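**Q** Here's a structure for you.
The values are calculated or read from the model by the stated rules, or taken from the named source; none is laboratory data. What you see is a predicted model; the values in this text were computed from it and never measured. Please note: Cβ atoms are built from the backbone with ideal geometry, for glycine as well, and neighbour counts cover all protein chains shown. The protein model used for the area step is the full one, side chains on, heavy atoms only, and it has no ligands, DNA or RNA in it. Shrake-Rupley method; radii C 1.70, N 1.55, O 1.52, S 1.80 Å.
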Amino acid sequence: MPAQVKNNILLFEGCNYFSHRLILSTLSGKPIKISNIRSTSDDPGLREFEISFVRLLDKITNGSRIEINETGTSLYYSPGLLVGGEVDHDCNVQRGIGFYLEPIMMLAPFCKNPLSLILKGVTNNTLDPSVDRIKTSGVPILRKFLIGDSEITFNINKRGVKPLGGGEIYFKCPASKFLKSIQCHDSGKVKRIRGTACSLRVSPAISNRLVESAKGVLLNFIPDIYIHTDARKGVSTGKSPGFGISLTAETTTGVFFTGEAYNPTMTTGSLPCVPEDLGKAAAMKLLDEIHRNGCVDSPFQSLTALFMALGKRDISKMVVGPLTPAMIQFLRDLKDFFGITFKLKTVKDTHDSKGYMNKVSITCLGTGYSNLSKRVL
């Protein structure tokens, strides 16, 4: 169901897809009102991590107007100008840094000044894309669309896991006047697998156990595997103990797939987490992502769709794996904010005789969206 419009304000309900709707509002310049945010819950209203995201958005923009009612169940947002510049933000530890960074990457090319961002909080958790996944799979997608000197810096200064966090990343992205239109039909064949196994405030031997179990699965498919162990010491390990592994497969056409697994937060009565099980789970997730066989890692389908829609006035075409629920809703929201409709076409995979993991070809005509703040020499 399309969003309702009242007095040029787009009306939405509920807390789902909260950050993406604020991002689309900022880029399109259209004010939005989100009502009934967890209104039937025992603990109604916005959560702390959502308020933290709104504050981050306020730091990146200038002149934004944000109104939240007393119970926190309704939010009005009128976007200001995207300024960018140097921003330092403490993320709420209820969610990972990936929850904040993935939407901000959508805004970064359109800022007036190059965005130089320091985020502090939880770098790896079981819910959001980890900073490793964003670095290996998300940043190459952003680089594909930028024109000219697309030098993007991404450093993981400290790692941190739940419940106390303590991680820190540095992300820098240049401002771009326009985005490219791209054509990507072939995901290619996997040629190498790389990875990082991290152990924070636990025995460094756990990293080796993670590597061995992941290799035990993946060596059946490809010999070129190298998994780096990241056993940090001192303040760079964050404030809580934890461990996990992130695996990335690179294909012959420069596409990256990622699978990862991190230990869940230990609570009273929960069963202990075994490193061997985590390593195997990450390997299986990577193989599942390869089996989806799109030209983009599944958590970044929305990022790709947005940049295709805002690219030059030319046809952009991308083959992706089966659409995620977030991507399906994002395409609907893109139509509400920008009036852009994508053409979707099922592509049968010749390697899959059962045909249940069909790929989807998404095509659109870019709007020619330009960064009004960026001067052209």
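**Q** With contacts defined as alpha carbon pairs under 8 Å and 6 or more residues apart, what's the relative contact order of the chain in percent?
**A** About 14 percent, as a whole number.
**Q** Nearest 0.05, what FRET efficiency do residue 11 and residue 236 give at R0 = 51 Å with Cβ-Cβ as r?
**A** Computed FRET efficiency for residue 11 and residue 236: 0.70.
**Q** Under 27 Å from the Cα of residue 280, which lysines turn up, not counting those fewer than eight places away in the same chain?
**A** 135, 158, 162, 189, 191, 215, 233, 239, 354, 359
**Q** Assign one of three labels to segment 121-167, namely rounded, prolate or oblate, based on the Cα gyration tensor with a ≥ b ≥ c the square roots of its eigenvalues; rounded applies when a/c is under 1.5, prolate when it is not and a/b is larger than b/c, and oblate otherwise.
**A** Because a/c hits 1.5 or more and a/b exceeds b/c, segment 121-167 counts as prolate.
**Q** Let me ask something additional. Suppose we flag trypsin sites (Lys or Arg not before Pro) only when DSSP calls them loop and at most 13 other Cβ atoms lie within 10 Å. Which is the longest uninterrupted stretch of the chain?
**A** 1-188
**Q** Which lysines, on any chain, are close to residue 59 with Cα under 22 Å apart, when same-chain ones fewer than 8 places away are left out?
**A** Of all the lysines, those that pass the test against residue 59 - Cα under 22 Å, at least 8 places apart if same chain - are 30, 33, 112, 120, 172, 177, 374.
**Q** Can you put 307, 178 in order of accessible area, largest first, using a 1.4 Å probe?
**A** Putting 307, 178 in descending order of accessible area: 178, 307.
**Q** Only helices at least 15 Å long along their own axis, judged from Cα atoms, and with Kyte-Doolittle mean hydropathy of -0.5 or greater: name those in the chain from DSSP H.
**A** 18-28, 48-60, 97-107, 205-218, 275-292, 325-338
**Q** Within the chain, which is the longest segment containing none of the GluC sites (Glu not before Pro) that sit in a DSSP loop and have at most 15 other Cβ atoms within 10 Å?
**A** Longest gap between qualifying sites, sites excluded: 152-377.
**Q** So, one more: Please list 3J(HN,Hα) in residue order for segment 126-143, calculated via the Karplus relation 6.51 cos²θ - 1.76 cosθ + 1.60 where θ = phi - 60°; whole Hz, with x for glycine and proline.
**A** With the stated coefficients, segment 126-143 comes to 8, 9, 10, x, 6, 5, 5, 5, 5, 5, 8, 10, x, 4, x, 5, 4, 5 Hz.
**Q** Next question. Students sometimes get this wrong: rank 42, 333, 58 by accessible area, probe 1.4 Å, all chains present, largest first.
**A** 42, 58, 333
**Q** Residue 348: which aspartates and glutamates have alpha carbons under 15 Å from its alpha carbon, excluding same-chain residues fewer than 8 sequence positions away?
**A** 186
**Q** Now for a separate question. For segment 1-152, what is the accessible area per residue in Å² when the probe is 1.4 Å?
**A** That works out to 43 Å² for each residue.
**Q** If you don't mind, there's one more thing I want to ask. For residue 34, what charge total do you get from the other residues with a beta carbon under 9 Å from its beta carbon, if Lys and Arg give +1 and Asp and Glu give -1?
**A** Here the count lands on +1.
**Q** Got the relative contact order for segment 133-235 handy, in percent, Cα pairs under 8 Å and 6 or more residues apart?
**A** 22 percent
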